[in-house]
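In what follows, a single structure is set out as structure tokens and then discussed.
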Amino acid sequence: MDLITSTDALRRACDRLAAHPFVTVDTEFLRETTYYPKLCLIQIAGPDPADAYLIDPLAPEIDLEPFMALMANPGVVKVFHSARQDLEIVWNLGRIVPEPLFDTQVAAMVCGYGDSVSYEQLANDLAKARIDKSSRFTDWSRRPLTDAQLTYAISDVTHLVKVYQALAAQLEKNGRLPWLGEEMAILSSPDTYQADPENAWKRLSGRLRKVKEVAVLMEIAAWREREAQSRDVPRGRILKDDALIDIAISGPRSVEALGRLRTIPNGFERSRTGADILEAVERGLARDPATVPMPERSRGRGSTGAVVDLLKVLLKAVSEQEGVAPKIIATVDDLEAIAEDDNADVPPLHGWRRALFGEKALALKNGQLGVSVRKNKVFVHPIPTSAG
């Protein structure tokens, strides 16, 4: 199969695809040596088997504007599987998020396929296709691409057509298509893909307990994020996570103190980068403690621990009974919040999740619902209120 390597050919393909109600999309990329993913190939197909294309974004004579216009076309549903990384690439290239959007992994969870069903399983179950995964981890930036790579790449979107049609039909039949709305809204929000350096500390903050430590982490994590973005290198190339934690805990204020940390490479402390780190530490130590947002500690370890355990059993029972993956109904953090507060502002207490699980969770917590086991299966049943 030939690659589209010119803007004219891409425009012709996108014009054809724009006539369809939906297109399936996938990308191949590399990000081992860069901060931003390097797009190497775009695969796209429509319901007509003749409309399946491979686009070479590395070709010198190509402008991806027709592809971006198709991604922004409100009349065409864009179908991805496990869309987040693909959408991040589109956002980075064109500052748009494809809409309307359909993620087959999320749809499969609503249809009871488990928390992280693979594309291979869905292709096998719904498209009756076997995926040859031997080309998955090849170098997609090298040219020319092999026939095996091209065959593998195009199969990712041609089989996805049948997967999408089967899942959409199932969701339509059981009235659960609106359930995808909240998840698609998150995926469609530009905020999901904007890596704000000021928020970089949150990923590591769970290991810290003191306000001073978090304050220093906020500054050095933001510094590292900006450095990685400006140099377009992975965060770990600037400084490892363990080094950030060590610096936050120890708060070194001199070259010598920085050099004594075991996670800092020899001589690193006397470089320009070492000076930048010390400046970031000083900014952190100078922060007003009242402005440092301490991360929430895990709930459910005290008096509500047993309640959380019961809610986990209820969640599993409801998910099995309703054919919905537990992860899309509630997280452990959600259960811990419910255990502490009947009015917690968490997804399981809103919308379809409340009707499916939240009301039962509150009833269980307040002694109005019970769980029992019969023939190795968990059953949920109301508890009669005692008269008088």
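Each value in this text was obtained by applying a stated rule to the coordinates, not by laboratory testing. Quick caveat, the model's predicted, so the values are computed rather than measured. Note that each Cβ is placed from the backbone with ideal geometry, even for glycine, and that neighbours are counted across all protein chains shown.
When HIS350, HIS381, HIS159 are sorted by how many other C-beta atoms sit within 10 angstrom of their C-beta, beginning with the fewest, the order is HIS381, HIS350, HIS159.
Positive-end ranking of TRP140, ALA83, SER118 along the dipole of the stretch 31-187, with charges on Cβ about the Cα centre, is headed by SER118. Qualifying chymotrypsin sites (Phe, Trp or Tyr not before Pro) in the stretch 96-164, where qualification requires a DSSP coil assignment and no more than 16 other C-beta atoms within 10 Å, comprise PHE137. Here LEU101, LEU160, LEU30 are placed in order of increasing Cβ neighbour count within 10 Å, fewest first, which gives LEU30, LEU101, LEU160.
Extension gain for ALA59-SER118 works out to 18.2 nm (0.36 nm per residue, less the C-alpha to C-alpha distance). For the stretch 35-167, the square roots a ≥ b ≥ c of the C-alpha gyration tensor eigenvalues yield an a/c of 1.5 or more together with a/b not exceeding b/c, which makes the shape oblate. A protection proxy built from the mean count of other Cβ atoms within 10 Å ranks the segments 190-201, 84-95, most packed first, as 84-95, 190-201.
Note on the chain: semi-axes of the ellipsoid equivalent to its C-alpha gyration tensor, largest first and rounded to whole Å, are 38, 38, 17.
Computed over the chain, relative contact order equals 13 percent, with contacts defined as Cα pairs under 8 Å that lie 6+ residues apart. Only Cα sites of the stretch 197-291 enter the Debye sum here, all with the same form factor; the resulting log10 I(q)/I(0) across q = 0.13, 0.15, 0.18, 0.23 1/Å is -0.37, -0.50, -0.74, -1.23, listed in q order. The antiparallel fraction among DSSP beta bridges confined to the chain stands at about 70%. Put in line by how crowded their Cβ is, counting other Cβ atoms within 10 Å and starting with the fewest, SER155, SER188 read SER188, SER155. Residues of the stretch 224-238 falling in the label zone of ARG84, defined by backbone nitrogen less than 16 Å from a point 7 Å along Cα to beta-carbon, are absent. The Kirkwood hydrodynamic radius of the stretch 305-382, based on inverse pair distances between different Cα atoms, is 12.3 Å. As a quick test, which of the pairs LYS312/LYS375; LYS240/LYS312; LYS78/LYS162; LYS173/LYS377 have an alpha carbon distance above 25 angstrom in this structure? Pairs exceeding the cut-off: LYS240/LYS312; LYS173/LYS377. Round to a whole angstrom and tell me the spacing of the C-alpha centers of the stretch 326-388 and the stretch 164-240. Rounded to whole Å, the Cα centres lie 29 Å apart. The modelled label-to-label distance between ASP341 and LYS375, using points 7 Å beyond Cα along the C-beta direction, is 4.3 nm.
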